[in-house]
Structures are given as structure tokens and as C-alpha cells.
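> Have a look at this one.
Nothing in this text is a laboratory measurement; each read-out follows from the coordinates by a stated rule. Since this is a predicted model, take the numbers as computed values, not measurements. Neighbour counts are summed over all protein chains in view; Cβ atoms, including those assigned to glycine, are modelled from backbone coordinates with ideal geometry.
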Amino acid sequence: MTVTAEAVKALVQTESTVRLRPRYEGSNINTWIGFKHVNYLVEEAVLEHFRAAGLGSRFLFEQHGLGLDLADLDTRILHAFHQDDEARAVVVPRTKDDDGHLSFAVTLFVERDGKELKAVTSKVKVALRVDSYLAAAEVPAELSRFATTGIGGFAEFGEHHGAEVTEAATTALSAGRGTTGDDPVLARLLAGRNAFGWKWRIPYPYCHFNERFAMSGYLRQVEEVVDLFLADRGVSIKTLLDDRKWIPVVPHSRVQFLGEALMEEDLYTVFTVEEVFKDLTYTARTDFYVVRDGRLVQTATGRITHGYAVFGDRTDWSLVGFDDRVVRAFSGHPAA
């Protein structure tokens, strides 16, 4: 099998459709599917689009040393997914002639009461990363404009990128795999901000193509840091679930690569609350750093919008406004 101009044309000009179901793992509260697994559906739709063009991720890597990475993922959820739902995923290429990356618009549709609803819209950028871990392979001319030796450049770096820092040995395996406590790098990143920070050692299961932290890893990291942030502010997910039957909902999430993070590096995740909107949702920025040669390197950034829903039965829920306790927690003030 070879890469042809027709295959690349199909990839960048022809839309594709596939039917998908969310994974059982993503059903955390009643039968609702969380934002991470909704993004996994988007990822799978994009991978299937490559397969349909005859350019599947396995073929690209094994034959041409190109690792397929989702490097910018911007997703809005309009209707909730449940267990056993079937999504009709439509992938529409949006790649421009002068772009060095592949762009797609992904829409997920779901059926409700006999009608098909637009449930999710997503904008995706894909990088074809030239593998440098194994011997070099020939990159086909038809794909050369999309091949890159390093992923990044999808957004502006934050203010701490490139700063000199001194790390502390706080994520040794003997001391656990992460810390939110006293750490000089976290102290620098959090200074003067309504933010929460977490230092964490990147493990093998979050990586792909031998050593590279994947988009799915960042999504898991966003989910984890939200959980830790809420617990740190005294409004843990379990606390509000028990007290009020409130559950977190995420109508919007985005992660953009700025560089690459590697297996067994310490990843510094900073979760900064930016705005509380009409006591119904709050937006937060997530920034990710590693330290190389004594300097901070920002590897990704993103945003997430969070709210709460209250459920009265096992099938339905409604958005609920924040009370004073929750607003004060988000603003960094302890409850009175």
C-alpha cells in the first residue's frame, strides 16, 4: 500500500460519517457520559476519517514513521450523552492549502424522541509527527507539508515559559507520584493567582508512540485537576453529590499543544479560575509545564467551562445556580 494523491485528496476534501458509541468507563454519574469520553468519540471519528481515506494511524506510523497526534481539540457539548447512545459522527475537512496541519470540524448527532439532535461540535487540528525514536522512514511527498519534527505552535506561550527554576525532589516513587504541597516551581506558577497547582510524574499508560504524552492524557489530566481543585476548595464532587445531588457538567473544553511532554517527566498542571458567569458556570484556564535544563517549558494550554446540574431521578437533570458557598470556593475565599 502506498500514499497516493487521491488518498490525500480524500483526507483533506471529502467528509466522512461513522457511527460510534461512548465507552462504559465514561459513565460516572447515573448513565451520563463525561466530557472526556465525549472527546474520545471525537478522536475516534477523526481516526476513522483517516482510515476511510486509506491513511490509518497504524499505516502512517509503521510505513512512514508519522505519528498521528490530535494537537488542538476544542469541543462544545450541546446535549448530554448516555450509556448505549449511538452517535452519528460527521467529519468535515477544514484544511487550508497553506496550513502545515490538518484541520477538521466534527459534529456528533444523537437521537432523542425520534428526532436527531446536534449534540457536540468540535474543531480539531492534527499533527503528523515525524518519529525520532526509531530509524528514520521516508515521508511521502504527498504528506510532507503536514509532517513536523515537533508538535506545538497552536497558541501563545504563557508568561512563565522559559523562566529559570529549581526543582524539588517531590515526585520520587518512594514519596508518591504527585504533590500539591510545598514546591518551589508550584509556588512560582501560583503566585498571586486564584489557582491550584499539581506536580505529577507522567506514567507510561498516558503516552503513545513510545514516549509522547497524548491528547487523551491531557484530557485525563484536566479531569483529575478539576477533581483535586474542588476537593482543595472544600467542595469536592462527592461532598456536593451527597449534600445536594449536584453533579459537574462541562459544556466546553479545549486543549492546545504548545510543545511535547515526555514519559517520566514531572508535569506541572496549573488550574486558574478566570470568571464566574451569572452564578451558573465558571471558566478556568489549564496550563501545563515541564522543566528542562532548569527552565520551564510550557507544553500545552486550554480552558474548561464548568457548571452543576441537579438530578431528581435517574434519567433527567437541570442546571442549577451556584450558592454562596460554591461561589466563595471558586473565588478563593473559604466559606464563612
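> Can you tell me the dipole magnitude for the chain around its Cα centre, using point charges on the Cβ only (Lys, Arg +1; Asp, Glu -1), in Debye to the nearest 20?
On the way: 38 positive and 48 negative charges, 101 e Å.
Dipole magnitude for the chain comes out near 480 debye.
> Taking K and R as +1 and D and E as -1, what net charge do the other residues with C-beta under 10 Å from the C-beta of R212 add up to?
Values: positive: R129; negative: D69, D131, E211, E260.
Here the charged neighbours net out to -3.
> Now for a separate question. Using only helices, what value at 222 nm comes out for the chain when you add -39,500 (n - 2.57) per DSSP H run of length 4 or more and divide by the total residues, to the nearest 500 deg cm²/dmol? Spell out each step's value before the answer.
Details: 7 runs with 76 residues, N = 336.
Using -39500 (n - 2.57) per qualifying helix, the result is -7000 deg cm²/dmol.
> Moving on. With a sphere of radius 11 Å drawn around the Cβ of D72, what net charge do the other residues whose Cβ falls strictly inside it have (Lys, Arg +1; Asp, Glu -1)?
Values: positive: K123, K125, R254; negative: D69, D74.
Neighbourhood net charge equals +1.
> Could you compute Rg(Cα) / (2.2 N^0.38 Å) for the chain, with N its residue count?
The value comes to 1.04.
> Could you calculate the contour length gain from E224 to S132, that is, 0.36 nm times the residue separation minus the distance between their Cα atoms, to one decimal place in nm?
Numbers: separation 92, 0.36 × 92 = 33.12 nm, distance 3.01 nm.
Extra length from E224 to S132 when fully extended: 30.1 nm.
> Oh, and also: Please give the peptides 158-166, 131-139 ranked by average Cβ packing (other Cβ atoms within 10 Å per residue), highest first, as a rough proxy for protection.
Working: 158-166: 14.1, 131-139: 12.0.
Output ranking for 158-166, 131-139: 158-166, 131-139.
> Sort 150-157, 318-325 by the packing proxy (mean of other Cβ within 10 Å over each peptide's residues), most packed first.
On the way: 150-157: 16.5, 318-325: 14.1.
Ranking, from highest mean packing down: 150-157, 318-325.
> Need one number for region 1-149: average projected area of the convex hull over its C-alpha atoms, nm². Provide the component values of the computation, followed by the final result.
On the way: hull surface 38.5 nm².
Computing the convex hull of the Cα atoms and averaging its projections yields 9.6 nm².
> A further question on this structure: Work from the charge dipole of the chain (Cβ charges, +1 for Lys and Arg, -1 for Asp and Glu, about the Cα centre) and give the residue of A214, S144, L134 farthest towards its positive end.
Toward the positive end, the furthest listed residue is A214.
> Mind ranking 13-25, 45-57 by how tightly packed they are, going by the mean number of other C-beta atoms within 10 angstrom, highest first?
Working: 13-25: 14.7, 45-57: 20.6.
Highest to lowest by the protection proxy: 45-57, 13-25.
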